[in-house]
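These notes are about the structure you will find just below.
Please treat every number below as a calculation from the coordinates, not as lab data. Because the structure is a prediction, the values reported are computed rather than measured. Cβ sites come from the backbone with ideal geometry, for glycine too, and all protein chains shown count toward neighbours.
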There are 2 protein chains.
Amino acid sequence: MSDRVLGVLGGMGPLASAEFMCSLTRQTPALRDQEHVPAILVSDGRVPDRNAARLGQGESPLPALLRGIRILEGAGCGAIAIPCNTAHGWFDAMSAATPLPILHIVDAAAADLRAQGLRQGRIGLMGTAATLAMRLYQERLAGYEVITPDAAEMAELVTPAIELVKANQVAAAYAPLAGMAARLHARGAQAVVLGCTEIPLGIAAGPALPFPVVDTVAALARAALAWWRGP
Amino acid sequence: MSDRVLGVLGGMGPLASAEFMCSLTRQTPALRDQEHVPAILVSDGRVPDRNAARLGQGESPLPALLRGIRILEGAGCGAIAIPCNTAHGWFDAMSAATPLPILHIVDAAAADLRAQGLRQGRIGLMGTAATLAMRLYQERLAGYEVITPDAAEMAELVTPAIELVKANQVAAAYAPLAGMAARLHARGAQAVVLGCTEIPLGIAAGPALPFPVVDTVAALARAALAWWRGP
């Protein structure tokens, strides 16, 4: 048992951070309430759109992100998990503004790839247009060749599907997301990283994919659980 | 759109409060993140066991509940929802200790019964031994005849099933919970109130029951959504 309290900066989107809390709970080998990870979740969907901001079309989310971090600091949290890949575009600015460690979602995804026996080679990446444009994964994932959807596939499949999940139309998101993942697999990706926390929610709404994937919600929850247990 | 922020005092159990966040999100007619209910969840399973305390076998959860409420007050919340029926045994003490309104889960359940067209008559109630002993529903639900499992059924079916959910063995909880609900229905209950927030999680793990039920997680989420929208 650990006295650590996890801070979760969520709401981006709200269903993804709620699912993060479910995933964290389900992955904890607890027999009673008192053995689960104490956590504070700030689920504030009013954080300005990360995708629009990074693509130069909207206000910065950083002030709202820092307001959430202040709440987590004040509540006694010992580390922060952010179940939104795109928000990690502001990882350095957030880290500089808080003494708390922030668990990086790309590191969590990398740990999951390694746990699946994948230490190199070609992997597919699906995410928001901003996550791809910022090269969040390509810059931090060493040793892999990262392939991504092209601009037309983003516009026709991935971006609309992410918006469907944010609008609670999860089942409708399955077909475009599963189809895009299959295209990346067909192009030689050994595994596909579901690098936007809405994507695993859509993928969970239909049959499991017949190739390895990295669920970044579940991977970040595992990283949070490892932090809670301590070294 | 509302500027209100919902406070959620959770962790009792952790899976129930995570599912409350999912239910709140899914029931919100939002098209994008920014249209969802802003919420802060304190999920601290270390709150002393409510059942043991009410049955005279453990320390009071009240100090821990009030610590959670202080966090929600400090974070700017405008009301508090507590997705744990048994914790409502301390409702008056919590209400006296905070200026924030607390949305009562029994009122939420009553609203759901009315929405299902049930305004009087016999209803079944499943909950923890403490919820039943405190007569939380019987004292607050006017106009219904409330029937409950007997002591042997609590010991053999309901209490072990609630513990299974808290230990993440949700699928195994289905049979005893569904069986108990069917017994109450056979005894003339027009509807069965799933009056412990672990119970709807177990019931969701199998086929839907062929009679009306009140899911107190979903009902409390609807009450929270109604509060957020305002009068």
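Some notes on this structure:
- Amide H to amide H distances under 5 Å link A:Val214 with A:Val192, A:Val193, A:Leu194, where only residues 5 or more positions off or on other chains count and H is placed in the peptide plane.
- With label points set 7 Å from Cα along Cα→Cβ, the inter-copy distances at A:Ser60 are 4.8 nm, sorted shortest first.
- Fewest-first ordering of A:Ser23, A:Ser17, A:Ser95 by other beta carbons within 10 Å of each residue's beta carbon gives A:Ser95, A:Ser23, A:Ser17.
- Cα-derived Rg over Rh, computed across the protein assembly as shown with Rh taken as Kirkwood radius: 0.98
- Chain A's nearest residue to the axis relating it to B, judged by Cβ and reported with the distance in whole Å, is A:Leu41, 2.
- Sequence-ordered 3J(HN,Hα) estimates for segment B:145-160 from the Karplus curve with 6.51, -1.76 and 1.60 and θ = phi - 60° stand at 9, 9, 10, 9, x, 7, 4, 5, 5, 4, 5, 8, 10, 6, 4, x Hz, glycine and proline given as x.
- Neighbour net charge for B:Gln190 - beta-carbon separation under 15 angstrom, K R +1, D E -1: +3
- Viscosity 1.567 mPa s, 4 °C: Kirkwood-radius Stokes-Einstein D of segment B:106-165 over Cα pairs, µm²/s: 105
- Site pair A:Gln120 and B:Glu156 shows an inter-label distance of 6.2 nm when each label is modelled 7 Å from Cα along Cα→Cβ.
- Ranked by the mean number of other Cβ atoms within 10 Å of their residues, highest first, the peptides B:213-220, A:220-227 come out as B:213-220, A:220-227.
- Only Lys, Arg (+1) and Asp, Glu (-1) charged, at Cβ; the protein assembly as shown dipole about Cα centre in debye: 40
- Size of charge dipole - chain B - debye, nearest 20, with Cβ of Lys, Arg +1 and Asp, Glu -1, no other charges: 320
- Positive-pole candidate from B:Gln138, B:Leu62, B:Leu31, dipole of chain B, charges at beta carbon: B:Leu31
- Phi-derived couplings, Karplus 6.51 cos²θ - 1.76 cosθ + 1.60 at θ = phi - 60°, listed residue by residue for segment A:16-31: 5, 6, 5, 5, 4, 5, 4, 5, 4, 5, 5, 8, 8, x, 9, 9 Hz, with x used for Gly and Pro.
- Nearest-first distances (nm) between copies at A:Ala115, label 7 Å from Cα via Cβ: 3.7
- Taking other C-beta atoms within 10 Å as the exposure proxy, B:Tyr137, A:Tyr174 rank A:Tyr174, B:Tyr137 from fewest upward.
- Projecting the Cα atoms of A:Ala96, A:Leu41, A:Ala205 onto the charge dipole of chain A (Cβ charges, centred on the Cα centre) puts A:Ala96 farthest toward the positive pole.
- Each part gets one Cα centre, and for segment A:11-82 versus segment B:12-29 those centres are 14 Å apart.
- Taking packing as the residue-averaged number of other Cβ atoms within 10 angstrom, the listed peptides A:127-133, A:24-30, B:38-44 run from highest to lowest as B:38-44, A:127-133, A:24-30.
- What the Kirkwood sum gives for chain A is a hydrodynamic radius of 17.7 Å, with every pair of different alpha carbons counted.
- Partner chain coverage, peptide B:2-14 - average Cβ within 10 angstrom: 3
- Near A:Ser60, no amide H atom lies under 5 Å from its own; only residues 5 or more places off or on other chains count, and H is placed 1.01 Å from N.
- Think of segment A:130-201 as having a plus end and a minus end, set by charges on the Cβ of Lys, Arg, Asp and Glu; of A:Pro149, A:Leu177, A:Leu194, A:Leu194 sits farthest toward the positive end of this dipole.
- Percentage relative contact order, segment B:106-217, counting C-alpha pairs under 8 Å, at least six apart: 32
- Here the Debye sum runs over all C-alpha atoms of segment A:106-216 as equal scatterers in vacuum, and log10 of I(q)/I(0) at q = 0.17, 0.18 Å⁻¹ comes out as -0.72, -0.81.
- Helical runs assigned H by DSSP (4 residues or longer) give the protein assembly as shown a calculated mean residue ellipticity at 222 nm of -13000 deg cm²/dmol, each run adding -39500 (n - 2.57) before division by the residue total.
- Exposure proxy for B:Asp107, B:Asp49: other Cβ atoms within 10 Å of each Cβ, ordered fewest to most, give B:Asp107, B:Asp49.
- Centroid-to-centroid separation of segment A:138-157 and segment B:193-208 [C-alpha atoms, Å]: 41
- With a 10 Å cut-off around each Cβ of A:23-32, the average count of Cβ atoms from other chains is 5.
- Among the residues of B:45-51, the average count of other protein chain beta-carbon atoms within 10 Å of the residue beta-carbon is 4.
- Each Lys and Arg contributes +1 and each Asp and Glu -1, all at the Cβ; summed about the Cα centre of segment A:85-222, the dipole is approximately 300 debye.
- Around A:Glu163: net Lys/Arg minus Asp/Glu count, Cβ-Cβ under 9 Å: +1
- DSSP beta bridges in the protein assembly as shown [antiparallel fraction, %, rounded to 5]: 10
- A:Arg26 label point (Cα plus 7 Å toward Cβ) to equivalent points in the other copies: 1.2 nm, shortest first.
- In this structure, the amide hydrogen of B:Asp44, modeled 1.01 Å from its nitrogen in the peptide plane, lies closer than 5 angstrom to those of A:Ala39, B:Gly10, B:Gly11, counting only residues at least 5 positions away or on a different chain.
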